[in-house]
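So the structure is just underneath, and the comments pick up after that.
The values are calculated or read from the model by the stated rules, or taken from the named source; none is laboratory data. Just so it is clear, the structure is predicted and the values come from calculations on it, not from any experiment. Here the Cβ positions follow ideal geometry from the backbone for every residue, glycine too, while neighbour counts run over all protein chains shown. What goes into the accessible areas is simple: the full protein's heavy atoms, side chains included, and nothing from ligands, DNA or RNA. Shrake-Rupley method; radii C 1.70, N 1.55, O 1.52, S 1.80 Å.
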Amino acid sequence: MISAEHFNQRGAAMMPGHLGIVITGVVDGEVRAEMPVRTEVMAPNGFLHAGSIVTLADTCAGYGCLRSLPEGASGFTTVELKSNHLGTARDGTVLCVARAVHSARTTQVWDATVTHRESGKRLALFRCTQMLLYPKTGT
């Protein structure tokens with residue numbers, strides 16, 4: 001099974017690494033991560049950028065999907081995502097827990113909740129649908 005360390009190494013030079021996202025836990029059907037609130041993830045208005053929250057949640061859902069691909073699947077692509085932003089943060093650390101709510105042969109659906117560690121305040125709810133990809137057979 002793919003570990004948190006594997007995902008952290010894989011994402012280090014990509015978007016998750018640039019935002020400071022650290023995967024803290026991976027088990028079947030669940031991925032946990034954290035991201036420090038720092039200048040690079042803020043909007044010009046001084047609040048946490050909504051795109052940073054979406055990226056944190058989408059990273060968790062995507063890594064969860066990769067870990068739980070059915071036999072024969074070669075990858076996935078996101079076909080829909082939705083987020084409800086309920087609050088924001090100016091400092092501290094934001095946490096994300098993503099859980100599989102549907103895992104089938106052709107699609108997966110993941111829900112994620114993003115919270116502010118220090119206050120416990122819920123910042124966002126997120127849902128992502130992924131289409132699973134399979135190698136083409138024949139020509």
Under-5 Å amide H pairs with A124, H placed in peptide plane, nonlocal only: L86, V114
Nitroxide proxy distance, nm - points 7 Å out along Cα→Cβ at T137 and M15: 3.3
Within the accessible area of the chain (1.4 Å probe), percent carbon and sulfur: 54
Neighbour cut-off at most 14 other Cβ (10 Å), DSSP loop, chymotrypsin sites (Phe, Trp or Tyr not before Pro), region 6-68: F47
FRET E, pair T106, E40, Förster distance 41 Å, beta-carbon r, rounded to 0.05: 0.65
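Suppose every K and R has +1 on its Cβ and every D and E has -1 on its Cβ; what is the size of the dipole of the chain about the Cα centre, in Debye to the nearest 20? Working shown, then result.
On the way: 13 positive and 11 negative charges, 38 e Å.
My answer is approximately 180 debye.
For the chain, what does the helix formula give at 222 nm: sum of -39500 (n - 2.57) over DSSP H segments with n ≥ 4, over the residue count, nearest 500 deg cm²/dmol? Before the final figure, lay out each step's value.
Numbers: 3 runs with 31 residues, N = 139.
It lands at -6500 deg cm²/dmol.
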Matching label, mean projected area of the Cα convex hull in nm² computed from the structure shown, candidates [x] 9.9; [y] 9.0; [z] 11.4: [y]
Heavy-atom accessible area ranking, 1.4 Å probe, most first, across H85, H18: H18, H85
Among L69, L123, S52 the positive-end extreme of the charge dipole of region 40-139 (Cβ point charges): L69
Accessible area per residue, Å², region 21-139 with all protein chains present, probe 1.4 Å: 52
